[in-house]
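Chemist: Dropping a structure here in structure tokens format, bear with me for questions.
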């Protein structure tokens, strides 16, 4: 395989976001895309990432292959990308080879690793609530909750999404109403609760896409989709927090 | 009570500054202003803060009341203010309710607390030296001293204020002369010494006002006044450091 | 002696860079320049610094003298320089006196110290490889290596300089080719290895000069020269890392 990218920001941001959830990752490289499906070590969150061949200047993949790599290593190299660099990715001599080319040619060879973990499958989920909103609005709401509690409740009521949190003494509520930029599709009023620690990692997806699709259900996983058309898709699935209050 | 503000920067900065000196604060809300008089836990410094009703878009106070609140909690919420937000402050259901309104409506409810401490009275002070100067000049002088010692000496001699500090081996002196922007009123030459640690907190008042009034006396408290006309006044009183050198 | 500077950035940056290698320094002040020759405490690196009299507005030195001073103290004072300040340096009353003058006059007196260490002599070195390059290119290359290993190998091969590093599992290579901006003079292919920890301190010289002269030899010291014409010169000499691989 040999892949070349001129616009490096998206892949750099992607790896940085994913590395907050998983440190070792197995990418599946096919003729159409590079794909990652990974579970965080605590089995609470899943990330599904697909970088499309159309995001590349050169995308030469003769046959499907799997590449496992340490994401912190990769992130360190990607941090060294300069705006004027063109990046080439190859597997050569049992290493993952990254070449950054501007006036100088810079080459980094990282080890390929073995990932013991079994292949992950994307669960088959069905949601009752779906919200499409500017990703910054959802990110801000989650960050608002971060000053109050450790979990966030999402409550859909007709055409309004409430992002809420409560501690023993304080509480907060961000009201997001359907409108020109915000689409809300929901049946009955429903509520679900999620870990704010994970949500804070996932809302970094706002770096990749201006818009986020939020789907959830009562006491059921949450799915967040960040999509950059013709380039990439980053999906997060987060297990609910179920409690008896 | 129900208070609304469009220009939120001043109150946000005020709370941030006060919270460096006291963490729990009792505000007195009257028809004309919100007032705070508080002593730091070490009884070395006092802050007197008055936010005038004219700083508000809506100022609806039926009767005088006292509100005690944790300033770190308040600061966390105020940090979430966006420039386009209008802020409303209310007491509702035994909570302090902060509403931030732009495209979304965001509500934060913080607990009201009990402050054991007795009500503070502003001491009756009389000063021999008075300097009015751009607040940045005084802040810079204090920060200059911070690289030398733990205390700052203020020395007034005719039309010159010296801000000085000395360690066993080093010393520094900033000479501030009366002029177009700087007024100095003093009798005989006099000197007083104050803790730099406290002064560094107090000079943050420069965020609120372009000008500071500095008043002191020999071996006597220092008073700093930061005034934003028709909006707010922040006064600090700092006990002197008396030594035998 | 009495020296005055209007352009303070170069001397401020110089002292900051030198203080990363040595904390106490003995400057030799002559009619033409201020000179420092110092060894780092581990005896691995030497810095040779010369600030020319032509960099000063006033340069009044009646007779040669030696001034020893703590560089961290000096750095603290230099950090307080404002862009509009003119700086005067004097020795007065057994102190090193720094005066910063803009609307206010600010004076700092630092202790002169005794440096036990014997006077350093610049070693007489002869190099087989010499590269002149934009200082940012060399700095970037060293920082690239910092994500891989603890040492950097410099390899010259005809008209190409390779900056390389390897760990047990990863490796990297920056290829710098001779061209319009880059001059390479070398005989046979040769290789030398240096500590990245020291190199990271030395490449800060890029703040002083747009260009760097890199000279080295097989298993032999490295010399880096950063020169601001008519103002200053900063030279670093770094012992090689010799190993048996």
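Just so you know, all these numbers are worked out from the coordinates, no wet-lab data involved. None of these values were measured; they are calculated from a predicted model. Methodologically, a virtual Cβ is constructed for each residue, glycine included, from the backbone with ideal geometry; neighbour enumeration extends over all protein chains shown.
Chemist: If you average the sequence gap of Cα pairs under 8 Å that are 6 or more apart and divide by the length of chain B, what percent do you get for the contact order?
Modeler: Numbers: 535 pairs, mean separation 48.9, N = 245.
Relative contact order comes out at 20 percent.
Chemist: List the residue from chain A whose beta-carbon is nearest to the axis that rotates chain A onto chain C, together with that distance in whole Å.
Modeler: In residue-and-Å form, the answer is A:79, 16.
Chemist: Taking a point 7 Å out from Cα toward Cβ as the label site, list the nm distances between residue C:181 and the same residue in every other copy, smallest first.
Modeler: 4.0, 4.0
Chemist: Give me the one-decimal Kirkwood hydrodynamic radius in Å for region A:129-238, with the sum taken over alpha-carbon pairs.
Modeler: The answer is 13.9 Å.
Chemist: Mind checking B:92-98 for the average number of partner chain beta-carbons within 10 Å of each residue's beta-carbon? Provide the component values of the computation, followed by the final result.
Modeler: Numbers: counts 0, 0, 0, 3, 1, 1, 1.
Whole-number average of other-chain Cβ neighbours for B:92-98 is 1.
Chemist: On to the next question. Once you have the Kirkwood Rh of chain C from its Cα pairs, apply Stokes-Einstein at 10 °C and 1.306 mPa s and quote D in µm²/s. Let's see the in-between values first.
Modeler: Working: Rh = 19.2 Å.
Here the translational diffusion coefficient equals 83 µm²/s.
Chemist: Give the shape of the protein assembly as shown as rounded, prolate or oblate, defined through the alpha-carbon gyration tensor: a ≥ b ≥ c are the square roots of its eigenvalues, a/c under 1.5 means rounded, and otherwise the shape is prolate if a/b is larger than b/c and oblate if not.
Modeler: Working: a/c = 2.69, a/b = 1.00, b/c = 2.69.
Note, shape of the protein assembly as shown comes out oblate.
Chemist: Continuing with the same structure: For the pair residue A:159 and residue C:188, how long in nm is the line joining their label points, each one 7 Å along Cα→Cβ?
Modeler: Here the answer is 8.3 nm between the modelled labels.
Chemist: Separation between the residue B:39 and residue C:114 pseudo-spin-labels, each 7 Å from Cα along Cα→Cβ, expressed in nm?
Modeler: 5.0
Chemist: Can you grab the distance from the C-alpha centre of region C:82-125 to the C-alpha centre of region A:109-128, Å, no decimals?
Modeler: 61
Chemist: OK, next. Quick one: angle between helix B:135-145 and the longest Cα principal axis of chain B, in degrees between 0 and 90, rounded to 10, please.
Modeler: Once rounded, the angle reads 60 degrees.
Chemist: Here is a follow-up. When only Cα pairs under 8 Å and 6 or more residues apart are kept, what is the percent relative contact order across region A:2-111? Don't skip to the end; give the middle numbers.
Modeler: Numbers: 193 pairs, mean separation 33.5, N = 110.
Rounded, it is 30 percent for region A:2-111.
Chemist: Measuring nothing but label to label, 7 Å from Cα along Cα→Cβ, what are residue C:111's distances to the other copies in nm, shortest first?
Modeler: Label-point distances to the other copies, shortest first: 5.1, 5.1 nm.
Chemist: Report, in whole Å, the centroid distance computed from the Cα atoms of region B:165-211 and region C:1-33.
Modeler: So the two Cα centres are separated by 29 Å.
Chemist: Over the whole of B:142-151, what's the average partner chain Cβ count within 10 Å per residue? Rounded to a whole number, please. All intermediate terms of the calculation are to be shown ahead of the outcome.
Modeler: Working: counts 0, 2, 8, 3, 2, 8, 6, 0, 0, 0.
Taking the mean over all residues of the peptide, I get 3.
Chemist: Other chains near A:71-81: what is the mean number of their Cβ atoms within 10 Å of each residue's Cβ?
Modeler: Per residue, the number of nearby Cβ atoms from other chains is 2 on average.
Chemist: According to a simple spin-label model (label point 7 Å from Cα along Cα-to-Cβ), what is the distance in nm between residue A:132 and residue B:242?
Modeler: Going by the 7 Å Cα→Cβ label model, 7.5 nm.
Chemist: To continue, here is another question. At a threshold of 8 angstrom on Cα-Cα distance, excluding pairs fewer than six apart, so keeping six or more, what relative contact order does region C:129-238 reach in percent? Write down the numbers at each step before the final one.
Modeler: Numbers: 235 pairs, mean separation 32.3, N = 110.
Taking the mean separation of contacting Cα pairs over the length of region C:129-238, I get 29 percent.
Chemist: Another question, then. 7 Å along Cα→Cβ for the label point: how many nanometres lie between residue A:2 and each equivalent label in the other copies, listed shortest first?
Modeler: 7.0, 7.0
Chemist: Considering only DSSP beta bridges whose two residues both sit in the protein assembly as shown, what percent are antiparallel, to the nearest 5?
Modeler: Around 100 percent of the beta bridges assigned by DSSP in the protein assembly as shown are antiparallel ones.
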